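To keep things clear, I will list the structure first and then write my remarks on it.
The values are calculated or read from the model by the stated rules, or taken from the named source; none is laboratory data. As the structure is a prediction and not an experimental result, all values here were calculated from the model. No Cβ is skipped: glycine too gets one built from the backbone with ideal geometry, and neighbour counts run over all protein chains shown.
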Amino acid sequence: MPDHIPPDHLADESRAEGEFAGRTALVTGAGQGIGAAVATALAARGAHVVATDRSAHGIDELAAAARDLAGTVTPRVMDVTDPVAVTAVVDDVVRDHGALDLLVNVAGILRAAPVAELTDADWADTFAVNTTGVFHTSRAAASHMTARGRGCIVTVASNAAGIPRTGMAAYAASKAAATMFTKCLGLEVARSGVRCNVVAPGSTDTAMQRALWPDGQTEVPLSVIDGDPATYRTGIPLGRIAAPRDIADAVLFLASDRARHVTLQELYVDGGATLR
């Protein structure tokens with residue numbers, strides 16, 4: 001399955017109801033994969049989506065492809081590791097749209113290696129994006145949301161935050177930290193009417209996932225589906241990896257009024273891989 005949003009996805013989404021009409025969403029990591037799927041799904045349901053990534057590649061294409069949807073997609077280059085840039089973009093969104101209703105933290109990187117081979121730069125870069133980036137965006141968004149008395153933050157973490165993985169210590173630790181940060185923030189802002197939740201995907205067909213496969217392989221490796229005892233990895237009971245849209249659907253539920261009484265929660269979307 002391709003990492004970009006295919007035309008039939010856009011066609012299907014264009015028929016969705018305007019569940020988020022009149023609301024403004026900021027999505028990080030929207031240039032591809034899960035972030036692009038989330039931005040597209042929100043726009044299809046009527047949201048004004050500010051789609052951000054650290055380069056224009058991907059988000060410009062996303063905005064062009066989404067022109068026929070019920071909502072809008074505005075691309076903005078933003079590096080989540082830069083607190084000044086993050087604050088500026090969030091302030092611009094509030095100024096231009098009157099409010100920020102929803103933040104979805106998707107931006108993330110993976111440096112896969114055994115701990116003994118991880119460099120200081122690998123560790124620092126992973127936490128800078130996956131954890132500190134979530135802090136920067138959530139802090140900026142929450143300040144506006146609490147003042148307004150409502151809002152929603154969803155962080156896309158990983159099932160690796162809840163189960164040990166060989167060769168993924170930096171990634172798993174950074175996602176675990178982002179998960180607990182989001183829940184702690186949610187506790188602090190709950191009385192202000194702001195909800196904070198986490199979606200924890202398992203293996204999903206994205207560029208990040210495919211980078212873990214043997215060179216040139218286009219089909220999902222059997223070890224991903226069936227598990228790999230040599231690396232203490234369980235298989236996926238549902239027998240498939242997720243599509244980005246599967247994760248987007250979970251994000252949209254938590255962002256919607258259907259989840260108005262749901263906060264501080266972590267929703268695993270991994271086909272049962274963590275046996276939770």
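A compact table of results
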| quantity | calculated |
| --- | --- |
| Options ALA128, ALA141, ALA113, ALA107: the member that is more than 27 Å from ALA250 (Cα to Cα) and among the aliphatic types (A, V, I, L, M) | ALA113 |
| Helices (runs of 4 or more DSSP H) completely within segment 136-247 that count 1 or more residues being modelled with pLDDT of 95 or more | 169-189 |
| Residue match in segment 191-201 (condition: of a type in the set (A, V, I, L, M), surrounded by 21 or more Cβ atoms within 10 Å (Cβ to Cβ), in contact with a Phe, Trp or Tyr (Cβ under 9 Å, 6 or more places away or on another chain) and within 15 Å of VAL269 (Cβ to Cβ)) | yes |
| Selection status of THR87, of a type in the set (S, T, N, Q), surrounded by fewer than 23 Cβ atoms within 10 Å (Cβ to Cβ) and part of a loop (DSSP other than H, G, I, E, B) | no |
| Residue among ASP249, ASP226 that is surrounded by fewer than 18 Cβ atoms within 10 Å (Cβ to Cβ), touching a residue at least 60 places away in the same chain (Cβ under 8 Å) and under 15 Å from GLY271 (Cβ atoms) | ASP249 |
| Subset of segment 87-128 [more than 19 Å from ASP53 (Cα to Cα) and of a type in the set (A, V, I, L, M)] | ALA99, ALA112, ALA113, VAL115, ALA116, LEU118, ALA121, ALA124 |
| Which listed residue is out of contact with any helix residue (DSSP H, G or I) (no Cβ under 9 Å at 6 or more places or on another chain) and in contact (Cβ under 8 Å) with a residue 40 or more places away in the chain, from HIS97, HIS48 | HIS97 |
| Residue within segment 34-54 that is farther than 22 Å from LEU254 by Cβ, among the polar types (S, T, N, Q) and outside any strand (DSSP E or B) present | no |
| Scan of segment 138-188 for residues that are buried (at least 21 other Cβ atoms within 10 Å of the Cβ) and more than 20 Å from the chain's Cα centre (by Cα), ordered by number | none |
| Subset tally (residues that are in a helix (DSSP H, G or I) and either at pLDDT below 95 or aromatic (Phe, Trp, Tyr) (or both)) for segment 55-64 | 0 |
| The lone exception for THR263 - which of (1) surrounded by 18 or more Cβ atoms within 10 Å (Cβ to Cβ); (2) over 18 Å from THR182 (Cβ atoms); (3) touching a strand residue (DSSP E or B) at 6+ places or on another chain (Cβ under 9 Å) it fails | (2) |
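Let's see how each residue does on (1) under 22 Å from the mean Cα position of the chain (by Cα); (2) of a type in the set (Val, Ile, Thr):
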| position | (1), (2) |
| --- | --- |
| ALA230 | no, no |
| GLY239 | no, no |
| PRO244 | yes, no |
| ASP249 | yes, no |
| PHE253 | yes, no |
| ASP257 | yes, no |
| VAL262 | yes, yes |
